[in-house]
Each structure stands twice: as C-alpha cells, then as structure tokens.
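Enquirer: I am attaching a structure below and will ask some questions about it afterwards.
Readers should treat all values here as calculations from the given coordinates under stated rules, not as data from a laboratory. Predicted, not measured: the structure shown is a model, and the values here were computed from it. Note that each Cβ is placed from the backbone with ideal geometry, even for glycine, and that neighbours are counted across all protein chains shown.
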Amino acid sequence: EFIFNTTTPILVEGIASILFIMRIIWQKQRLRRSVEWRKQRRLTIQLILMSVLNISFNLPIYLIPLAHLFGLPPEYGVQPELYFFFLGYFVIFLFPFICLSQYPGLRKSLKRKILCMTSQDHHATATVAPTEMATRIGTLARYKSAMVHE
C-alpha cells in the first residue's frame, strides 16, 4: 500500500515531467529546428512549478513512513505527519495561482492594486468652503440684526 499510494505518484510525476521536457527537445531536433524556449517557456515554467509544488507538499508524507521503515521509532514524527497529510489536500487549491501567475499583465495589475491599497493615506484633508445655503443664512442673519438695531 505504501509503495503504490505514496511512492509511485511522486516518482511518476517527477519522471513524467522530465520526460515531457526531453520530448520537446527531441521533437525539435528531429524536425531540425532550434529549440526556441521563448515559445515553450510558459508551458515549461508552469509544468515545473506544478511539479515542484506537488512534490514538495507530498514528499514529507513519503519520507516520514520511509524513515519508520528504516528504523525510526514509531513515536517520532507523528505530529508532523498529521500536518503533512492536511497539506497534501491543500495543494490542489494552489494550482490556480500557479496558472494565473503566468500572465504578466495580470501579475502587474494585481501588484499595482495591492501596492496602491497598502500605500494609501487614510488621513484626508477636506477644504471647507461656504455653500449657497450658508450664504443665504448669513445674509438673513445680517438682515435681522440690522432690523433690530434700527
């Protein structure tokens, strides 16, 4: 169970990612074209980021039981293993952020919006100017006081 549920997916993902990148290189060589990494850059970066993210979250789940198989006492690593099992389920929520990070326009827009939100001053100064209503009230008050003095 340990080999098929834990070891195999990690190894298959790592090997498949490497083979996919090698396939791109071989296909370009077979067609006698130079490998233009600019065209495959987004795909390659996305593949590498997803593989690294998935392997980095799932590797500790593999390493603790492997250490137990090689003689680590069973009471060691129980608490971290619980956290790693939780993080293994959390990794799926991070994949959309990896996909969205490949769009430079979106990245710049989000950076600009986040920086503007954090750098705004919350102290605003307001200019006080007389309004038409205040002018009428002031005129009415002067008129009344002039009537009283006569």
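Enquirer: Listed highest first by mean packing, meaning other Cβ atoms within 10 Å per residue, what order do 10-18, 59-67, 23-31 come in?
Expert: Taking the mean over residues of other Cβ atoms within 10 Å, the ranking is 59-67, 10-18, 23-31.
Enquirer: Hey, another quick one. With the cut-off at 1.5 for a/c, could you classify segment 1-122 from its C-alpha gyration tensor as rounded, prolate or oblate?
Expert: oblate
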